[in-house]
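Shown next, in structure tokens, is the structure this report addresses.
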Amino acid sequence: MAKRKKKKAATVKKSRGFGKKSLAVELQRAAAYAVKEDWQGAYAVLQLLVEQYPDNKQVWDYLSEVAYMVNMYLLLASQVLGRALAIDRDLHEFAPQTREILSRITPTIPEIVEELGSDDLEGAILHERGQMYVDQGNCPAAREAELEVIRRHPGFMPARNNLALVNWTEGNVEEAIATSKAVLDSDPDNIHALSNLVHFLVVAGDTEAAQVYGDRLKTSPGNGWDPWTKRVEALSYLADDAGIVEMLDQAEADDVDDSPIGAFFFHLTAVALARTGVDILIPL
């Protein structure tokens, strides 16, 4: 039995002053998130602060340190780090690290932008910001960002998948399901749309329809951001432990450790392994 191992897991707008956050209090909040290694939580606090205090060096110091830890937002991290260095070339004790991070991020930018099917860097950054808003649960901001991406690039399916998630979060169940089905009309093997539909339909009480999409998901050759997590997440809604173990075996054969998989994947697969009676070997 192979070992099952876990891995550890902007365009700046000036504030008008209304509802402005306390700088000291919010920096303390960001620091508290960082202590817990909740980098996404720290990034969310600092992203708002940088909009309200765009010329404050301390905010940029904090944000430049945290930005690269939230490695799913590479374009935003590049933007933040570049702006921080532009404000102060010496920055702080993290300046050499910041430059080294930028040197690693910069070569990946053309490939990320190419996913849009054009050289629209601004559109790619806007989509990444929309993704960040989705992750933060900021539905109005996510909707605004992704609708603009869709206006620019109607065939860009990740923006439509995010729009489906926004609809679902806001309680627009039928619209969320319809949006995901529309994605599949254009891209039948879209992993995120298939996974989202399983989730939506199971929670909506239509397990039979959800099972159809779950079966499609298991055989789909589609790819996307963190596709293995999306597969096992959907199958967990169907309580398909055998299917999850099957996905784990395929993921390991596909060098899962070199993908952006996080703790959620390993949690779901560990539960499925335990339920199916498969031993989990943890290295000492």
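The values are calculated or read from the model by the stated rules, or taken from the named source; none is laboratory data. What you see is a predicted model; the values in this text were computed from it and never measured. Heads up, the Cβs are rebuilt from the backbone with ideal geometry, glycines too, and the neighbour counts pull from every protein chain shown. These accessible areas exclude ligands, DNA and RNA; they are computed on the full protein's heavy atoms, side chains included. Shrake-Rupley method; radii C 1.70, N 1.55, O 1.52, S 1.80 Å.
Laid out as a table, the results:
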{"read-out": "Among the residues listed as THR229, THR219, the single one being open to solvent by 40 Å² or more (accessible area, probe 1.4 Å), among the hydroxyl-bearing types (Ser, Thr, Tyr) and farther than 17 Å from VAL173 by Cβ", "value": "THR219"}
{"read-out": "Unique match (being of a type in the set (A, V, I, L, M), at pLDDT below 95, assigned to a loop (DSSP other than H, G, I, E, B) and open to solvent by less than 70 Å² (accessible area, probe 1.4 Å)) among LEU126, LEU116", "value": "LEU116"}
{"read-out": "One residue from VAL212, VAL271 being more than 20 Å from PRO158 (Cα to Cα), open to solvent by 70 Å² or more (accessible area, probe 1.4 Å) and assigned to a helix (DSSP H, G or I)", "value": "VAL212"}
{"read-out": "Count of residues meeting criterion [out of contact with any Asp or Glu (no Cβ under 6 Å at 6 or more places or on another chain) and open to solvent by less than 60 Å² (accessible area, probe 1.4 Å)] in segment 139-152", "value": "8"}
{"read-out": "Test: LEU81 is part of a helix (DSSP H, G or I) and at pLDDT 75 or above", "value": "no"}
{"read-out": "Out of ALA263, ALA242, sole residue that is among the small types (Gly, Ala, Ser), out of contact with any Leu (no Cβ under 7 Å at 6 or more places or on another chain), open to solvent by 30 Å² or more (accessible area, probe 1.4 Å) and at pLDDT 90 or above", "value": "ALA242"}
{"read-out": "Residue check, TRP225 of a type in the set (Phe, Trp, Tyr) and not in a helix (DSSP H, G or I)", "value": "yes"}
{"read-out": "Filter result for the condition that a residue is within 21 Å of LEU235 (Cβ to Cβ) and in contact with a Pro (Cβ under 6 Å, 6 or more places away or on another chain), over ILE191, ILE177", "value": "ILE191"}
{"read-out": "Criterion (of a type outside the set (S, T, N, Q), open to solvent by 50 Å² or more (accessible area, probe 1.4 Å) and at pLDDT below 95) met by exactly one of PRO188, PRO158", "value": "PRO158"}
{"read-out": "Residue identified as closer than 30 Å to GLY277 by Cβ and either β-branched (Val, Ile, Thr) or modelled with pLDDT under 95 (or both) among VAL232, VAL173", "value": "VAL232"}
